[in-house]
Amino acid sequence: MTSHQNLMLYAKLAGFRLVVLANRFGCDTSFSRELHHRLIEGLEAAIYRIQTIMELEHRLVAGTDDEFTAFQLEGETEILGRTGINLLDELEIDHDTNEYRINDDGWINALAADDSGVEIDYPTLVSLTEQELGSLAPIIKNIMRETGIPVHAARAVAKWELARDEPPF
């Protein structure tokens, strides 16, 4: 990205942060407040990353430690390209050991065995509905459309919970 593109992305992210801060005042549940809080944290992390990239670009233009600065800039740019914001649950599955963990908690074994055989039962991520996201739904869509940064709002749910008629939350 060029310096101009980085500056524009910085302005967009800062603007969305202000919109989410203002929108948080209308929250009527602790769940909604938590979603807003996590989105603000994610936007602030992306803003910090952009500030770091712009500082490294400035150093390159000034000619300070060119080789190391160029290396750092390449790494920061790559990290920004993989940046995403998780609002609720993050699911990590290790298929080699048949374990999973939710939100960086401890690893849980997904194997179950009885006289009928062995079963591997991983949870799945279920996206929050627009109704559950409330006033954040259009903001999240705009963030993804205008910045390219994905915002994930999903809940880890066990398969047996999916089979129930009513939602588990």
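The values are calculated or read from the model by the stated rules, or taken from the named source; none is laboratory data. Source: prediction; values computed, not measured. Neighbour counts are summed over all protein chains in view; Cβ atoms, including those assigned to glycine, are modelled from backbone coordinates with ideal geometry. Heavy atoms of the whole protein, side chains included, go into the accessibility calculation; ligands, DNA and RNA do not. Shrake-Rupley method; radii C 1.70, N 1.55, O 1.52, S 1.80 Å.
Values for this structure:
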item	result
Residues that are in contact (Cβ under 8 Å) with a residue 60 or more places away in the chain and among the polar types (S, T, N, Q), drawn from the range 45-79	T77
Residue list for the range 78-92, restricted to those being surrounded by 16 or more Cβ atoms within 10 Å (Cβ to Cβ) and either farther than 30 Å from R155 by Cβ or of a type in the set (A, V, I, L, M) (or both)	L80, I85, L87, L88, L91
Extreme residue, farthest from F16 (Cα to Cα), among residues of the range 28-69 that are at pLDDT 85 or above, open to solvent by less than 70 Å² (accessible area, probe 1.4 Å) and of a type in the set (G, A, S)	S32
Verdict on R101 being over 15 Å from S3 (Cα atoms), under 20 Å from the mean Cα position of the chain (by Cα) and open to solvent by 60 Å² or more (accessible area, probe 1.4 Å)	no
Count of residues meeting criterion [within 24 Å of the chain's Cα centre (by Cα) and surrounded by 14 or more Cβ atoms within 10 Å (Cβ to Cβ)] in the range 108-123	2
Pairs, first closer than 17 Å to V157 by Cβ in the range 103-128, second assigned to a loop (DSSP other than H, G, I, E, B) and modelled with pLDDT under 80, C-beta under 7 Å, six or more apart	P123/A158
Close pairs (6 angstrom Cβ cut-off, 6 or more residues apart or separate chains): at negative phi in the range 10-25, in a helix (DSSP H, G or I) and exposed (fewer than 15 other Cβ atoms within 10 Å of the Cβ) anywhere	K12/E146
